[in-house]
Amino acid sequence: MERFIAFDVETPNSRNDRMSAIGLAVIENGRIRATYNTIINPETYFDYFNIGLTGITPELASQAPTFDEVWKDIGSVMENSILIAHNAPFDMSVLAKCLRAYRIDTDRFFNYACTVRMARKLYPSLPNHRLDTLCSYLGIPLDHHRADSDSIACAKLAIEFANNGLVISDNIRTYDLVMCKTLPGEGRRVR
């Protein structure tokens, strides 16, 4: 298994163009080797729905670093790894919008894999492929909508999938940060 970064973002409102939290879990050789988690000051408004979902309030976020400050800590790790997320196009689009909003210069293309797509291949008979459903089915602990817990659960799913014969690198897609979309086809390795 290559090196992957499982990540999850939480957002402050329905615009989904800023982060209020991010969690990372570094996967190397089939094991979680490191984790990172932080609340982020999104420098924007919060919807009541998002506060209820994530537990992150404007008061809590006001004491947190902004995205550009967080990117200084995690950017090089994320840029040089294959990213994994559950419902990855959502997380990738939030990442792209944050990078754009803060005018952060980075690679245009990021390689990623989506645990929803992989789960559909491995467990087609499940009623759905939501993170909480898969974690319950596979006995993976989850404190849902907490970026640290969600990223670790996503990493554990990827490891479980690989242990059951799914080749993660065969499920890699490429996300165009400028166009905010996945490029057509699987297995593209653009850098």
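Remarks
- Filtered residues of the range 1-22 (kept if buried (at least 21 other Cβ atoms within 10 Å of the Cβ) and of a type in the set (Ser, Thr, Tyr)): Thr11, Ser20
- Subset of the range 117-147 (residues that are buried (at least 19 other Cβ atoms within 10 Å of the Cβ), of a type outside the set (Gly, Ala, Ser) and in a helix (DSSP H, G or I)): Met118, Leu131, Leu134, Cys135
- Apart from one condition, Asp150 fits all of (1) touching a residue at least 24 places away in the same chain (Cβ under 8 Å); (2) over 27 Å from Ala162 (Cβ atoms); the exception is (2).
- Cβ pairs under 7 Å, 6+ apart, first in the range 105-119 and under 13 Å from Arg173 (Cα atoms), second of a type in the set (Val, Ile, Thr) and assigned to a strand (DSSP E or B): Phe109/Thr174; Asn111/Ile82; Asn111/Thr174; Tyr112/Ile82; Tyr112/Ile84; Ala113/Ile82; Ala113/Ile84; Thr115/Ile84
- Ser169 being small (Gly, Ala, Ser), farther than 28 Å from Leu53 by Cβ and in a loop (DSSP other than H, G, I, E, B): no
- Filtering the range 149-172 to residues that are of a type in the set (D, E, K, R) and under 15 Å from the mean Cα position of the chain (by Cα) leaves Asp150, Lys156.
- Summed over the range 98-115, residues that are surrounded by 19 or more Cβ atoms within 10 Å (Cβ to Cβ) and under 22 Å from Glu10 (Cβ atoms) total 7.
- Single residue of the range 1-22 satisfying the filter (of a type in the set (A, V, I, L, M, F, W, C) and outside any strand (DSSP E or B)) that is modelled with the highest pLDDT: Met19
- Hits in the range 29-46 - residues which are over 15 Å from Trp71 (Cβ atoms) and either out of contact with any strand residue (DSSP E or B) (no Cβ under 8 Å at 6 or more places or on another chain) or among the hydrophobic types (A, V, I, L, M, F, W, C) (or both): Asn29, Gly30, Arg31, Ile32, Ala34, Thr44, Tyr45, Phe46
The values are calculated or read from the model by the stated rules, or taken from the named source; none is laboratory data. The structure displayed is predicted, hence computed values, not measured ones. With ideal geometry, Cβ positions are generated from the backbone for all residues, glycine too; neighbour counts draw on all protein chains shown.
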